[in-house]
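Accompanying notes for the structure given below.
The values are calculated or read from the model by the stated rules, or taken from the named source; none is laboratory data. Keep in mind that what you see is a predicted model, and the values were worked out from it rather than measured. Neighbour counts run over all protein chains shown; Cβ positions are idealised from the backbone, glycine included. Each accessible area value is taken on the protein alone, full model and side chains, heavy atoms only, with ligands, DNA and RNA left out. Shrake-Rupley method; radii C 1.70, N 1.55, O 1.52, S 1.80 Å.
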Amino acid sequence: MATNVILSGGPAHDFPATSAALAEVLAEAGVRSLVTDDIAGTLAAGPRPDLVTVNALRRLADDGWSRSLGVAPFRLPRAARAALLAHLDRGGGVLAVHAASICFDDWPAWRGLVGAAWVWGASHHPPLGPAEVKVHGGHPIVEGLADFELVDEIYSDLEVSPGVRPLASSLGQPLVWAREVRGGRLVYDALGHDARSYESPSHRALLLRAARWLLGD
């Protein structure tokens, strides 16, 4: 059975619920997940998993939004950064979910790996609610999947890297893409604000396919 570590935690989201839902979905693909909010320690000292999932909102910026939520600044240590890069260099997979595009703002390389970043003052999202997701074919993760609806947030006006090709979008915003980076693979899925997102059979099917692609199946 493939192994996965889900790096979880942060403000403004029910990360315990969404990380548990992710672990349940990935188990259907034969992936056993460990959920942890010790992001730095787990990356730097933990065992070598087949897959690393980032379902968190941890950032260095100390601004009014963070202070209003009582959130302490977070810096990703050098050893943790090196471990994540080494994981990719070994051919490992990274699944970055929802607020992962806001994470690790003290490490510019993370933006390059994910292929997008939230820009404060420019990026935004409509209120949480029903959303229509359009699927774009041509990749094993989405081939044969139909457009679908779910309850979620639609991250909008992220700073997306040139060359990113969306596999799914909503309201004209790219939501899901797959990339080969360094020696490994990465999938970013901007969906997943709360557990209702993972109640969508189509979203679950997309994630199962993403896990298999990340694992080289």
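So for the chain, averaging the separation of alpha carbon pairs under 8 Å that are six or more residues apart and normalising by length, what relative contact order in percent results?
Dividing the mean separation by the residue count of the chain yields 22 percent.
Measure off 7 Å from each Cα along the Cα-to-Cβ vector at Asp217 and Arg182, then give the distance between these two points in nanometres to one decimal.
Inter-label distance under the simple model: 2.4 nm.
So if each residue of separation counts as 0.36 nm, and I subtract the Cα-Cα distance between Val151 and Ala17, what length gain in nm does that give?
Full extension from Val151 to Ala17 adds 46.7 nm.
Say we join alpha carbon atoms closer than 10 Å with springs in a Gaussian network model of the chain; which of Pro174, Pro130, Pro16 then has the biggest fluctuation?
Pro130
Show me 183-193, 99-109 ranked by packing, highest mean number of other Cβ atoms within 10 Å first. Walk me through the intermediate numbers first.
Details: 183-193: 23.1, 99-109: 20.3.
Top to bottom by mean Cβ count within 10 Å: 183-193, 99-109.
Suppose R0 equals 30 Å; then what is the FRET efficiency for Ala45 and Glu24 from their Cβ-Cβ distance, rounded to the nearest 0.05?
E between Ala45 and Glu24, to the nearest 0.05, is 0.70.
May I ask you to compute the full-extension gain from Ala86 to Leu128, defined as 0.36 nm times their residue separation minus their alpha-carbon distance, rounded to one decimal in nm? Don't jump to the answer; show the numbers that get you there.
Values: separation 42, 0.36 × 42 = 15.12 nm, distance 3.61 nm.
The span from Ala86 to Leu128 would gain 11.5 nm if fully extended.
Which percent of the accessible heavy-atom area of the chain goes to carbon and sulfur, probe 1.4 angstrom? List each step's numbers first, then the result.
Details: 4850 of 9250 Å².
Carbon plus sulfur share of accessible area: 52 percent.
Which value in deg cm²/dmol, rounded to the nearest 500, describes the helix-derived mean residue ellipticity at 222 nm for the chain, given -39,500 (n - 2.57) per DSSP H run of n ≥ 4 and division by the residue count?
That calculation yields -8000 deg cm²/dmol at 222 nm.
Springs between alpha-carbon atoms under 10 Å, Gaussian network over the chain: tell me which of Ala122, Ala178, Ala96 tops the mean-square fluctuations.
Maximum among the listed residues: Ala122.
Considering the chain as a Gaussian network with a 10 Å cut-off on Cα pairs, which listed residue, Arg90, Arg75, Arg179, attains the greatest mean-square fluctuation?
It is Arg90.
Please list, in chain and number order, the residues 5+ apart from Cys103 or on another chain whose amide H is under 5 Å from its amide H, with Hs placed from the backbone.
HN-HN under 5 Å from Cys103: Arg58.
Out of all Cα-Cα pairs in the chain, roughly what percent, to the nearest whole number, are more than 24 Å apart? Please report the intermediate quantities before stating the final value.
Numbers: 8419 of 23436 pairs.
Result for the distance tail: 36 percent.
Given the Cα-Cα distance of Val164 and Glu143 and 0.36 nm per residue of separation, how much length would full extension add, in nm? Kindly include the intermediate steps, with their values, before the conclusion.
Values: separation 21, 0.36 × 21 = 7.56 nm, distance 1.75 nm.
Between Val164 and Glu143, full extension yields an extra 5.8 nm.
With a 1.4 Å probe and every protein chain left in place, work out the accessible area per residue of region 97-161 in Å², rounded to a whole number.
Ligands and nucleic acids excluded, the figure is 43 Å² per residue.
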